[in-house]
Amino acid sequence: MAGTDEDAIAAADDALYVLTAVLLTPAQFPSVLGDDYPEACTALGLAPLADGYGLVLGQDGDGARWTVVIDDVSLVAVAIASWDCGMEYDLSPDERTVVAALPGWPLAVAVAAPGVPAPHDPDPGLTDAPVLSPPDTSTWGPAQRRLGADEIALQWAVWREQIDDADFRDPGDGTGKDGAADGGGEPSDGTGEEASPRHSGLRRVLAEARSYVDSPPPLGRVRSSFATGDARILRADGPGWSMVARTDDIAFVLLDDEPGEVLPVGRGPELPGLLEALDKLAVRPL
């Protein structure tokens with residue numbers, strides 16, 4: 001496994017100033033690293049263990065960036081929950097839980113440890129592992145697309161209030177049946193999310209999402225998290241696409257082929273069943 005050499009672990013463990021931490025589990029992983037849990041692990045040179053990992057990002061006494069991988073997931077989860085509540089928590093992993101010490105950071109960190117040199121890459125002589133760096137999100141692509149889906153999931157209400165349900169109505173058939181928008185604000189022909197003849201990208205996404213029900217995708221490609229009431233926020237990803245939905249509402253789709261566009265999908269007669277089926281196979285945070 002990458003980064004397990006003793007010199008690297010000793011350097012990272014020696015007075016590591018912890019700046020932040022994240023979970024790397026099937027249900028909760030930095031989606032900027034991949035469309036599913038195994039892909040995110042591969043980006044770090046880690047085996048996709050069922051229980052996952054905790055990633056501790058910090059600086060050593062010389063200011064070098066290190067990502068310490070530990071197998072004590074509960075410890076990191078408690079630390080994150082405490083910090084989110086505005087409480088102090090001293091995250092000090094036991095050295096026996098350290099799986100790897102990886103040079104660099106896989107995610108952007110906006111803070112730095114006080115009293116040490118500015119963040120920089122570690123001495124190349126300490127490890128043969130490649131130096132981690134955040135994915136390039138300066139231009140539209142998979143990483144930026146997944147970050148956009150993250151934002152929608154976190155700010156669902158803000159995005160939802162921008163959509164007028166009338167956009168999903170077909171004024172021509174008189175039924176008022178909900179359908180799928182074609183991504184440009186035009187209504188579909190009112191036959192549900194199946195129908196969107198002017199947007200092949202949406203058809204492809206919905207077809208691939210349906211295929212997950214019969215052939216379960218890699219772990220973490222469909223995730224379910226808490227929402228208000230009895231609903232869930234559902235996240236599904238695939239090659240070139242991300243979908244965020246609320247199980248009792250509509251869905252939003254982002255495509256690699258549509259830079260910066262957020263495409264809404266109305267309820268229709270079929271979307272509710274699709275979301276219910278996806279939620280049953282989704283992984284959930286403990």
* For A118, indicate whether it is among the small types (G, A, S), farther than 30 Å from D256 by Cβ, in contact (Cβ under 8 Å) with a residue 24 or more places away in the chain and not in a strand (DSSP E or B). => yes
* **Scan of the stretch 258-275 for residues that are over 18 Å from A153 (Cβ atoms) and part of a loop (DSSP other than H, G, I, E, B), ordered by number** => E258, P259, G266, R267, G268, P269, E270
* Could you count how many residues in the stretch 41-98 are in a loop (DSSP other than H, G, I, E, B) and either basic (K, R) or not assigned by TED's automatic domain parsing to the domain that holds Q28 (or both)? -> 0
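Taking the stretch 93-104 on its own, how many of its residues are in contact with a helix residue (DSSP H, G or I) (Cβ under 9 Å, 6 or more places away or on another chain) and either within 11 Å of V68 (Cβ to Cβ) or not charged (D, E, K, R) (or both)?
8
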* Asked: Which one is surrounded by the fewest Cβ atoms within 10 Å (Cβ to Cβ), of the residues in the stretch 27-39 that are of a type in the set (A, V, I, L, M) and under 15 Å from S133 (Cβ atoms)?
  -> V32
* Considering each residue of the stretch 131-164, count those that are free of Cβ contacts under 8 Å to residues at least 24 places away in the same chain and within 24 Å of G104 (Cα to Cα), and give that number. => 4
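The values are calculated or read from the model by the stated rules, or taken from the named source; none is laboratory data. Source: prediction; values computed, not measured. Neighbour counts run over all protein chains shown; Cβ positions are idealised from the backbone, glycine included.
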